[in-house]
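Asker: Sharing a structure below in structure tokens format, with a few things to ask.
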Number of protein chains: 4
Amino acid sequence: MIIHLKACSEEQAKALGEKHKAFCMFDGERHVLINSSSVKELPADLEEYTEDYWVFPNDNQLASRHYRNETRTIDLGGIRIGGSSQNTLLIGGPCSVESEDQIRTSASFMNGLGLKMFRGGCYKPRTSPYSFQGLGIEGLKLLAKMRDEFGMKIITEVRDASHVQDVIDYTDVVQIGAKSMYDHGILKACAKARKPVMIKRGFGTTLQEFVQAAEFILSGGNNDVILCERGIRTFEHGTRFTLDLCGVAWLKEHTNLPIILDPSHAMGYAYGVADLGRACVAMGIDGLLIESHPNPKVAKSDASQQLDHEQFEKLYHSLKPVAESVGYRMI
Amino acid sequence: MIIHLKACSEEQAKALGEKHKAFCMFDGERHVLINSSSVKELPADLEEYTEDYWVFPNDNQLASRHYRNETRTIDLGGIRIGGSSQNTLLIGGPCSVESEDQIRTSASFMNGLGLKMFRGGCYKPRTSPYSFQGLGIEGLKLLAKMRDEFGMKIITEVRDASHVQDVIDYTDVVQIGAKSMYDHGILKACAKARKPVMIKRGFGTTLQEFVQAAEFILSGGNNDVILCERGIRTFEHGTRFTLDLCGVAWLKEHTNLPIILDPSHAMGYAYGVADLGRACVAMGIDGLLIESHPNPKVAKSDASQQLDHEQFEKLYHSLKPVAESVGYRMI
Amino acid sequence: MIIHLKACSEEQAKALGEKHKAFCMFDGERHVLINSSSVKELPADLEEYTEDYWVFPNDNQLASRHYRNETRTIDLGGIRIGGSSQNTLLIGGPCSVESEDQIRTSASFMNGLGLKMFRGGCYKPRTSPYSFQGLGIEGLKLLAKMRDEFGMKIITEVRDASHVQDVIDYTDVVQIGAKSMYDHGILKACAKARKPVMIKRGFGTTLQEFVQAAEFILSGGNNDVILCERGIRTFEHGTRFTLDLCGVAWLKEHTNLPIILDPSHAMGYAYGVADLGRACVAMGIDGLLIESHPNPKVAKSDASQQLDHEQFEKLYHSLKPVAESVGYRMI
Amino acid sequence: MIIHLKACSEEQAKALGEKHKAFCMFDGERHVLINSSSVKELPADLEEYTEDYWVFPNDNQLASRHYRNETRTIDLGGIRIGGSSQNTLLIGGPCSVESEDQIRTSASFMNGLGLKMFRGGCYKPRTSPYSFQGLGIEGLKLLAKMRDEFGMKIITEVRDASHVQDVIDYTDVVQIGAKSMYDHGILKACAKARKPVMIKRGFGTTLQEFVQAAEFILSGGNNDVILCERGIRTFEHGTRFTLDLCGVAWLKEHTNLPIILDPSHAMGYAYGVADLGRACVAMGIDGLLIESHPNPKVAKSDASQQLDHEQFEKLYHSLKPVAESVGYRMI
């Protein structure tokens, strides 16, 4: 249940929340209580403090369209997505930050095309200890340097709770990776962060669980959450994962959160990324994440799925008319 | 291995095929032998009869791009798809043929919009004996009647080998359903049919197996096979199935067969079909299959996923600019 | 809804069935009507003819434990499984009937161990046209010959509706394969057959759909249906399929049909079959199907998963104490 | 590649490891270097320091049977599993530690039956913020109290890196949960811990990735890692997950790590746990984990799958003969 409280002090709101074992947050306009969706009737002793309330069939509450019947507008440091913006934000960059040279070559290229947001991983969630694990804090500093040099916003991934504050400090948008999206340590830290957060769906995660991960952050007081579909694990191994666009249709119908798609990880092979990228944009979405490396063959991670710069540029130019055909604008 | 024989009589070709336990077919220009992909070297005694030959890593042979490096052109009774046509064929109609009234209302509407091909199921592959099983041969006759009245081509599904000849006789394009695509009885009958065949991918079928089903028909002498992706079964049950567009990218890269997509069955809910339909078209495909019923609420099968006529018309008009944005033309 | 009719003639029963669009069958003691589970109240005009009736939440009706609260006893030509028999029937034999020599070597060995039922495929549901497809009717004749020579009962698979009657005629138990279990042509023919039928679960088939396939046969008048779990297709490709023993627990709880397990196809590798076979038997089941070939290395199908005779014999001897530890007896 | 160094000082070993970007650990007998499995030839400059070395097809190295061809023996505080022990350890207890009363009732019961290890979750990895999240550090203290009172060893789960040290400090065996097993923060902390670690397989995790998570801990210097299969997520939703016993057969063939199975989470319903528990034991395994609550109906988590004490006791007594039938002993 979500309860909009009448005007009151933060102390009063928190006291009511504690009494009812409910989360208490401020949504910019009012104090809000949220408790389990199993509560179906407004507690009698809350009636006098309540302006409005909503009942839900499951724990998709703050994120649900039943609560807010439009996509949230999120400001990514001057870049607006969601709401009535009709913007589809293209985010490019390599899988991993590998060196200053590599990351500058990439940032310079992306900036030259006009991209507003740049990606690169510093804490790589590799499944083997014997693979490249990322540059860590040194990578974060290189990304910050690129932001200073080129003026693009930065998005980078947090891998586990031990370094979540570093990522929050350095990045413009915090990315929670597919393997970390159940991590309470990360989710709670992001709930308190004053930065937008993009959660990637785990490859074994249901849509309902995916939205509930967002609820951890929303109920903790951070209103700026974006969902990212990047492919689920299915029996089909001809491709790396299976991009779930049916799931995207579900999310658009049932949630109020902006959606960014990542066809690179889903496909796992460069050859399909362009077709899939255009399909994603035709869904009418808020952003598109494409991995591209100055020289994919020598990339230290995900070599097979990264576009080279020529491929990326070609894709970039093809996206604009697709976005326009469905009433969106690539930015 | 595929072997193009030098000019010879059908008897000679067949004799060589039998000797080498290979399929023998005529592809319009020459006799062709095909045997297992495990054969990696041209048998010495075939050298003198061989014009050209191809070796393959797996049993994706006649359908592979390694063999023919462009999409086959298929003539669906005057409607061309594939090849250099850049056509995306829209196929509409209800899930099931239910009555003469219902099917005429639907056909009349689809014809009025300008559609060239009409669908409707007569043999429904229901999973329960207690559900509506379709009108059978009476349904086929009604479809033929609609073809006569409105001039649209007809596509309808064969469910099992016991009535495959009836379907072949009545329809313009034979549809092999997702639950029947391993059916040797059907595949062999379609191999001998002089009609184009559209195979739907089983919801538990790998891409490799899907292509191999096509190989049954191609190696039996029917060159006109179309693949239809309609969603695979995954852990995600918020939607009915998961449309596998990564798989479509794989099929475009690895096979020479035209591709038609069916977002209605994948989604299972009318609300997502329009977004998905546009995404499908943006992939650059040869056809799109959308279920629509004059009154979905009373439909005898798949009620929740069929668009009503108003929704269908709205979708129809939105598809044209998407197709154009990727260099295709809706027909 | 299932309705037990009061004593009446077959004509009367059929007339009532037609009037109510219900299946009408004789279960050995009485005429029974079955219609959709969506019927929740006994039609008023049937009250006077009704002895008893059952309402169901879904189309698992004749097969459900709500209807019959014990496992059906099935007589496989003198071999009893299910009911209070506490028998676990071991079925052995090669994947395919390949030649008279091969099948006699195998049958002789299995008979020597004391096995009562012998398996071998004649119509192989291969996914590629370029693989061995089975000996067809010649294979059936060889199996019948082995039955005559050794006195074991025979189980063999039907692949599609075009040869279902041949299989019914030759075999003692009809096996419907995993790729054919939705095939209405086969299901309907088996419903009329006077032979027990074992249905293998499709690798993409839900438990509910699996039971509904059995309902096709049961509602058509054949009471002797056995379910066979043989592995489902999941994201895990280290093994061929994933044997679903949770599903077996579900079937034991929700259905009244005997259950046979096939760990060979699930595993896909000989090394795991013995451990899995013992686990299957410890579930408390009605039968176990193990593939074994006189010389697996030269087997024309499924070479990697078939046990050699030495491995089979060792497994055979290890199964008895496991069965006894859970109150069953290997036969 | 794994390299056994000749006798040398720790400093020498570390210097060689750093030079070759390899992990360096002491396995109790010698210093060992491990680097990527992509290294196929022993570097020339290491030859003089090398006693023995192993080459691998993938990053299953320290855990592989190619390296150590028997299951590791692990001492869980006086309880031995693996190696030649032929012990199958039964671990019981509730899903969550809920209160002192509840946990004492449970521990007293389990101790009375003779169990040697007790489980209970303090940091619950719930997917919704609106569910019970566990007692945290207070729960750990209650578990420690039970250990003092009853003398059983304790196993409990770490949820994220923010409290990993607390769990390591209080527990006898550290459990890494299915949702946390990719967590580098946890894996690295466990690598340095002097406690045995049980890793649960993620429900979307391949067997290869599962073993690689163990490699993080093994290569970091902790030799005592146990694998726990607890069900994977598949299309089948009649049960909560699908217990992957084919995967267990794979793990037994390919790794040297002891295996504990958890049928409770896989099944999700109490009714199937006993049958599955017996099947697990018949696989020949090192441990079995069964959830049981004094009063499942009021359990704060996983209510539907926990056995009550009567069911648990009945299962307990039935396991002994099954273990013996396959040459193991329940402890």
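The values are calculated or read from the model by the stated rules, or taken from the named source; none is laboratory data. In this text, all values refer to a predicted model and were calculated from it rather than measured experimentally. No Cβ is skipped: glycine too gets one built from the backbone with ideal geometry, and neighbour counts run over all protein chains shown.
Asker: Can you tell me which residue in region D:132-152 is surrounded by the most Cβ atoms within 10 Å (Cβ to Cβ), limited to those that are out of contact with any Ser or Thr (no Cβ under 7 Å at 6 or more places or on another chain) and of a type in the set (Gly, Ala, Ser)?
Answerer: Going through the qualifying residues, I end up with D:Gly139.
Asker: When you check D:Tyr123 against the structure, is it touching a Gly at 6+ places or on another chain (Cβ under 7 Å), more than 15 Å from D:Asp286 (Cα to Cα), in a loop (DSSP other than H, G, I, E, B) and of a type in the set (Phe, Trp, Tyr), yes or no? Steps first, answer last, please.
Answerer: Numbers: touching a Gly at 6+ places or on another chain (Cβ under 7 Å): yes; more than 15 Å from D:Asp286 (Cα to Cα): yes; in a loop (DSSP other than H, G, I, E, B): yes; of a type in the set (Phe, Trp, Tyr): yes.
Spelling it out, D:Tyr123 is indeed touching a Gly at 6+ places or on another chain (Cβ under 7 Å), more than 15 Å from D:Asp286 (Cα to Cα), in a loop (DSSP other than H, G, I, E, B) and of a type in the set (Phe, Trp, Tyr).
Asker: Hey, another quick one. For the structure I just gave you, tell me whether A:Cys190 is more than 7 Å from every other protein chain (Cβ to nearest Cβ), part of a strand (DSSP E or B), of a type in the set (A, V, I, L, M, F, W, C) and in contact with a strand residue (DSSP E or B) (Cβ under 6 Å, 6 or more places away or on another chain).
Answerer: No: the conditions fail for A:Cys190.
Asker: Given the options B:Leu261, B:Leu289, B:Leu276, name the one that is aliphatic (A, V, I, L, M), surrounded by 24 or more Cβ atoms within 10 Å (Cβ to Cβ), in contact (Cβ under 8 Å) with a residue 40 or more places away in the chain and closer than 26 Å to A:Tyr271 by Cα.
Answerer: B:Leu289
To keep it simple, each residue is scored yes or no on (1) of a type in the set (Phe, Trp, Tyr); (2) within 13 Å of another protein chain (Cβ to nearest Cβ); (3) in contact with a strand residue (DSSP E or B) (Cβ under 6 Å, 6 or more places away or on another chain); (4) not in a loop (DSSP other than H, G, I, E, B).
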site: C:Phe109; (1), (2), (3), (4): yes, no, no, yes
site: C:Leu115; (1), (2), (3), (4): no, no, yes, no
site: C:Tyr130; (1), (2), (3), (4): yes, yes, no, no
site: C:Lys141; (1), (2), (3), (4): no, no, no, yes
site: C:Lys145; (1), (2), (3), (4): no, no, no, yes
site: C:Asp148; (1), (2), (3), (4): no, no, no, yes
site: C:Ile155; (1), (2), (3), (4): no, no, yes, yes
site: C:Val164; (1), (2), (3), (4): no, yes, yes, yes
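Asker: Could you tell me whether any residue of region D:45-54 is assigned by TED's automatic domain parsing to the domain that holds D:Ser301, in contact (Cβ under 8 Å) with a residue 24 or more places away in the chain and of a type in the set (Val, Ile, Thr)?
Answerer: No, that holds for no residue.
Asker: Tell me the residue from B:Leu62, B:Leu33 that is within 14 Å of chain C (Cβ to nearest Cβ) and touching a Gly at 6+ places or on another chain (Cβ under 6 Å), please.
Answerer: B:Leu33
Asker: Find all pairs meeting these conditions: Cβ atoms under 6 angstrom apart; at least six residues apart or on different chains; first residue within region C:134-162 and at positive phi; second residue surrounded by fewer than 24 Cβ atoms within 10 Å (Cβ to Cβ).
Answerer: Close Cβ pairs satisfying both conditions: C:Gly134/C:Lys124.
Asker: Confirm whether D:Val322 is closer than 20 Å to D:Gln175 by Cα, buried (at least 24 other Cβ atoms within 10 Å of the Cβ) and without any contact (Cβ under 8 Å) to a residue 60 or more places away in the chain.
Answerer: Working: closer than 20 Å to D:Gln175 by Cα: no; buried (at least 24 other Cβ atoms within 10 Å of the Cβ): yes; without any contact (Cβ under 8 Å) to a residue 60 or more places away in the chain: yes.
No.
Asker: Okay, moving on. Before we move on, is D:Leu251 in contact with a helix residue (DSSP H, G or I) (Cβ under 7 Å, 6 or more places away or on another chain) and either among the acidic types (Asp, Glu) or within 7 Å of another protein chain (Cβ to nearest Cβ) (or both)?
Answerer: No: the conditions fail for D:Leu251.
Asker: Further question: Just wondering, is there one or more residues in region D:292-300 that are within 13 Å of chain C (Cβ to nearest Cβ), surrounded by 22 or more Cβ atoms within 10 Å (Cβ to Cβ) and not β-branched (Val, Ile, Thr)? Write out each step before concluding.
Answerer: Let us first name the residues in region D:292-300 that are within 13 Å of chain C (Cβ to nearest Cβ), namely none.
No, region D:292-300 contains no residue that is within 13 Å of chain C (Cβ to nearest Cβ), surrounded by 22 or more Cβ atoms within 10 Å (Cβ to Cβ) and not β-branched (Val, Ile, Thr).
Asker: Tell me which residues, restricted to region D:194-238, are charged (D, E, K, R), within 13 Å of another protein chain (Cβ to nearest Cβ) and free of Cβ contacts under 8 Å to residues at least 40 places away in the same chain.
Answerer: D:Glu209, D:Glu229, D:Arg233, D:Glu236
Asker: Every residue in region A:107-124 that is of a type in the set (Ser, Thr, Tyr) and out of contact with any His (no Cβ under 7 Å at 6 or more places or on another chain), please.
Answerer: If the condition is that a residue be of a type in the set (Ser, Thr, Tyr) and out of contact with any His (no Cβ under 7 Å at 6 or more places or on another chain), then A:Ser108 is the only one that fits.
Asker: If you don't mind, another one. Could you identify the single residue in D:Val39, D:Val32 that is over 28 Å from D:His309 (Cα atoms) and part of a strand (DSSP E or B)?
Answerer: On inspection, the qualifying residue turns out to be D:Val32.
Asker: I'm checking my understanding of the structure. Among residues of region D:91-106 that are among the small types (Gly, Ala, Ser) and closer than 26 Å to D:Arg80 by Cβ, which one is surrounded by the most Cβ atoms within 10 Å (Cβ to Cβ)?
Answerer: Once the filter is applied, the top-ranked residue is D:Gly93.
Asker: Sort out which residues of region D:14-37 are within 23 Å of the chain's Cα centre (by Cα) and loosely packed, with under 14 Cβ neighbours inside 10 Å, and write them in order of number.
Answerer: D:Phe26, D:Gly28 - these are the residues of region D:14-37 that are within 23 Å of the chain's Cα centre (by Cα) and loosely packed, with under 14 Cβ neighbours inside 10 Å.
Asker: Kindly check whether there is at least one residue in region B:238-249 that is out of contact with any Cys (no Cβ under 7 Å at 6 or more places or on another chain), charged (D, E, K, R) and more than 27 Å from C:Glu209 (Cα to Cα).
Answerer: No: region B:238-249 contains no residue that is out of contact with any Cys (no Cβ under 7 Å at 6 or more places or on another chain), charged (D, E, K, R) and more than 27 Å from C:Glu209 (Cα to Cα).
So that you can scan it fast, the table gives a plain yes or no per residue for (1) of a type in the set (D, E, K, R); (2) touching a helix residue (DSSP H, G or I) at 6+ places or on another chain (Cβ under 7 Å); (3) assigned to a helix (DSSP H, G or I):
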| site | (1), (2), (3) |
| --- | --- |
| C:Ala13 | no, no, yes |
| C:Gly28 | no, no, no |
| C:Asn58 | no, yes, no |
| C:Tyr67 | no, no, no |
| C:Arg72 | yes, no, no |
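Asker: Within region C:76-88, is there a residue that is closer than 13 Å to C:Pro294 by Cβ, outside any loop (DSSP other than H, G, I, E, B), more than 14 Å from every other protein chain (Cβ to nearest Cβ) and modelled with pLDDT of 95 or more?
Answerer: No - not one qualifying residue is present in region C:76-88.
Asker: Let me ask something else about it. Kindly establish whether C:Met110 is surrounded by 14 or more Cβ atoms within 10 Å (Cβ to Cβ) and farther than 24 Å from C:Asp224 by Cα.
Answerer: The answer is yes for C:Met110.
Asker: Among the numbered criteria (1) under 12 Å from the mean Cα position of the chain (by Cα); (2) part of a loop (DSSP other than H, G, I, E, B); (3) not small (Gly, Ala, Ser), which one does C:Lys179 miss?
Answerer: Going through (1) under 12 Å from the mean Cα position of the chain (by Cα); (2) part of a loop (DSSP other than H, G, I, E, B); (3) not small (Gly, Ala, Ser) one by one, C:Lys179 breaks only (1).
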